[in-house]
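S.K.: Before anything else, here's the structure in question.
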Amino acid sequence: MKDKKFAFFLSLIYFIFTFLFFIFFDATIEFLVKNKGYQDFLLKNDEWLYLILVTPLIYFFTLYILKNYRENLENLEGLLDKTPIAIIVFNEEGKVLLINKSFKKLTGFSLEDINTIEKIATKIFGENTKILKKAIKSLYSKNKTHESGEFEINKKNGERITLNFKTSPFRNINNKKTIITTVTDVTKKEKENKLLMQELKMSAMDEILQNISHQWRQPLSSISTVSTALRLQNDLGQTSYKDIDNTMEIINNSAQYLSKTIEDFRGFFKPDQKKTHFYINDIYNKSLQVIGNSFEKDSIYFITDIKEFKIYNYSNALLQVMINIFNNSKDSFNKNQTTDKIIFIETYNNEYNLIIQIKDTAGGIPTKILNKVFEPYFTTKHQSVGTGMGLYMSQEMITKHMGGKIWVDNKMFTYNNKTYTGAVFTISLPLSTI
């Protein structure tokens, strides 16, 4: 757009000068030159005179524009160099044009060390080289700021740190598309997030252990019953090979079920080391593996409208947040002695974000405490039931760990010709991917 404005401005000046020259040239010559012979000579050679006048005008005007352009470019480079935000500028040929002081201070690398994308990929990104090159290829077609994500990278001294990269299209330089990238050190935030995730897992562990206990009770009872019966038969001398075979099959099937239960829950305790691609429906199904039996026991039903969105983020973090919200609904159902215990989950997207809405039929949150539910240690439950950290940690996880937002409102709605009031938790997560 700026190039078009400049071209228009230059053309307009040329048009105005030419228009004025040919309109007022004759009158100006007759006014300034009194000699008739000189007048005739100049009027006959007006084209040459025009050329003599316009050439130096265009020369000096272009020189002025170029001088200002260079000064502006130098001022811009100086400004980028002084900013406290780490910045790197590169073009579509793979050349690094600028690394500011903040970037050098953050990573230890100078422009001489990493003056090409290839060098950045091998020296800084290491095992993430392929991901970096693939991401950079897609940048030149984008016309807005793009969050490329977080990467653990190598500093020049060998130290590993986690950086967040945001890129934007920059001006064309020498007819080459150029990208400017801002870099933020999120190493400390990553450590804090890992601690937060562990706290959130500990708060959910009691629920998980209860579910494991519930699922193990039946197979353990079967093992105890058949083994006791087999021993009694053996004491009475009534044991047959068929009895032994049947008993061993029951014990083996029960053991396999116990093993599968452990495998189902094992992934929940694994900390998210890095972002991954995942589907929301998979996270919902995984949450049912953790809490499903206890909810089924309390006659709590789920109604879902989950679109198959694939996002790039921390899957276990979202899993823990969803379980936390489900458990809050369960507590509200029990506290309010709700008859129709239903939890609705809906997903949709706007241009940049995935929206997850979770609402229930538990009657909603009292208005006077609605704006306090995300505060730490705030709870309406008895001390033996809740710590008041669940929703606080869920908000911390969504906003600081996953780069999203979470909020809650009360809503009145109709389902199967019945009107309900319930709390609606809304989670917004970025759809951007590598």
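The values are calculated or read from the model by the stated rules, or taken from the named source; none is laboratory data. None of these values were measured; they are calculated from a predicted model. For neighbour counting, all protein chains shown are included, and Cβ atoms are generated from backbone atoms with ideal geometry for every residue, glycine included. Side chains included, ligands, DNA and RNA excluded: accessible areas come from the protein's heavy atoms. Shrake-Rupley method; radii C 1.70, N 1.55, O 1.52, S 1.80 Å.
S.K.: Based on what the data block shows, is Ser141 among the small types (Gly, Ala, Ser) and at pLDDT 80 or above?
M.R.: Taking the combined requirement at face value, the residue does not satisfy it.
S.K.: For Phe295, state whether it is more than 18 Å from Leu391 (Cβ to Cβ), of a type in the set (Phe, Trp, Tyr), part of a helix (DSSP H, G or I) and open to solvent by less than 10 Å² (accessible area, probe 1.4 Å). Before you say what the answer is, go through the steps one by one.
M.R.: Numbers: more than 18 Å from Leu391 (Cβ to Cβ): yes; of a type in the set (Phe, Trp, Tyr): yes; part of a helix (DSSP H, G or I): yes; open to solvent by less than 10 Å² (accessible area, probe 1.4 Å): yes.
The answer is yes for Phe295.
S.K.: Moving on to the next point. When you go through Asp331, Asp298, Asp282, Asp264 one by one, which is the residue that is among the acidic types (Asp, Glu), over 26 Å from Leu370 (Cα atoms) and modelled with pLDDT under 90? Lay out the reasoning, then the answer.
M.R.: Values: Asp331 fails: over 26 Å from Leu370 (Cα atoms); Asp298 fails: over 26 Å from Leu370 (Cα atoms); Asp282 fails: modelled with pLDDT under 90.
Going through Asp331, Asp298, Asp282, Asp264 in turn, the sole match is Asp264.
S.K.: Another one. Identify the residue in the stretch 360-373 that is in a loop (DSSP other than H, G, I, E, B) and in contact (Cβ under 8 Å) with a residue 24 or more places away in the chain and, among all such residues, is most open to solvent (accessible area, probe 1.4 Å). Give the steps one after another, and end with the answer.
M.R.: Keep residues of the stretch 360-373 that are in a loop (DSSP other than H, G, I, E, B), which gives 361-366, 373.
When the remaining residues are screened for being in contact (Cβ under 8 Å) with a residue 24 or more places away in the chain, the result is 361-365, 373.
Values: Thr361: 10, Ala362: 7, Gly363: 48, Gly364: 21, Ile365: 30, Val373: 15 Å².
The qualifying residue most open to solvent (accessible area, probe 1.4 Å) is Gly363.
S.K.: Return the pairs, sorted by first residue and then second, in which the second residue is open to solvent by less than 50 Å² (accessible area, probe 1.4 Å) and not small (Gly, Ala, Ser), the first residue lies in the stretch 333-358 and is in a helix (DSSP H, G or I), the beta carbons are less than 6 Å apart, and the residues are 6+ apart or on different chains.
M.R.: Phe333/Lys341
S.K.: Among the listed residues Gln357, Gln289, identify the single one that is touching an Asp or Glu at 6+ places or on another chain (Cβ under 9 Å), open to solvent by 40 Å² or more (accessible area, probe 1.4 Å), modelled with pLDDT under 90 and of a type outside the set (D, E, K, R).
M.R.: Details: Gln357 fails: modelled with pLDDT under 90.
Step by step, each of Gln357, Gln289 is checked, and only Gln289 is touching an Asp or Glu at 6+ places or on another chain (Cβ under 9 Å), open to solvent by 40 Å² or more (accessible area, probe 1.4 Å), modelled with pLDDT under 90 and of a type outside the set (D, E, K, R).
S.K.: Further question on the same structure: Of (1) in contact with a Lys or Arg (Cβ under 7 Å, 6 or more places away or on another chain); (2) at pLDDT below 85; (3) crowded, with 17+ Cβ neighbours inside 10 Å, Asp272 satisfies all except one. Which?
M.R.: So Asp272 meets the others, but not (1).
S.K.: Kindly indicate the residue of the stretch 328-337 that is of a type in the set (S, T, N, Q) and buried (at least 20 other Cβ atoms within 10 Å of the Cβ) and also farthest from Ile356 (Cα to Cα) among those meeting that condition.
M.R.: If we filter the stretch 328-337 for residues that are of a type in the set (S, T, N, Q), which is where we start, we get 328-329, 332, 334, 336-337.
Narrowing further to those that are buried (at least 20 other Cβ atoms within 10 Å of the Cβ): 328-329, 332.
Values: Asn328: 16, Ser329: 16, Ser332: 20 Å.
Ranking the candidates gives Ser332 first.
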